[in-house]
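In what follows, a single structure is set out as C-alpha cells and then discussed.
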Amino acid sequence: MGNLGSALQELRAERKQAQSHLEKLDTAISVIESLNGSGTFGRTKQPIRTISAASRRKMAQAQRARWARARSESQPVVAKAKTTGAVPIKHTMSASARRKIAAFQRARWAKLKAQQKKAA
C-alpha cells in the first residue's frame, strides 16, 4: 500500500506542476493578445443569471402586452389605408372574368400566330 500512496503523491505533484504551467501559459497568451489588440473573447466566465419563476412570468406577460399593442396599432393603419386609397384594395376575380380574359388571350395569340404564318 505504501507504493500506491507514493505513486498517488507523485501524480498529484505532477498535476499541480501542470496546472501552474498552464496558468503561466494562459498569462503569456493574454499578454500577447493584449499587445496585439485582439483581447480574449469568450475566455472570461460570466456568472449564470438565475431568474425566478415569478420574474419569468412577469417578463412573459410584458412581452405578450407588447405584441398585443403592436397588433392593435397595426390594424387601424390598414383600415385607414383602405379608406384613403393610399394602398390599392385587392379584388378577387370571378371565374367568369378569368374565362373571358383567357378567351381574349387565346384569340390574341391566334391572331399573332396567323400574322406570323402569313409573313413567313
How far apart, in nanometres, would the label points at residue 64 and residue 6 be if each is projected 7 angstrom from Cα along the Cα-to-Cβ direction?
7.1
Quote to one decimal, in nm, the extra length available between residue 101 and residue 14 on full extension: 0.36 nm per residue of separation minus the C-alpha distance between them.
22.5 nm
Could you give the distance between the Cα centres of region 1-39 and region 50-65, to the whole Å?
44
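Throughout, read-outs are computed from the coordinates displayed, never taken from laboratory work. It should be emphasised that the depicted structure is a prediction, and the values quoted were computed from it without experimental measurement. Quick reminder, even Gly has a Cβ in these numbers, built from the backbone with ideal geometry, and neighbours come from all protein chains shown.
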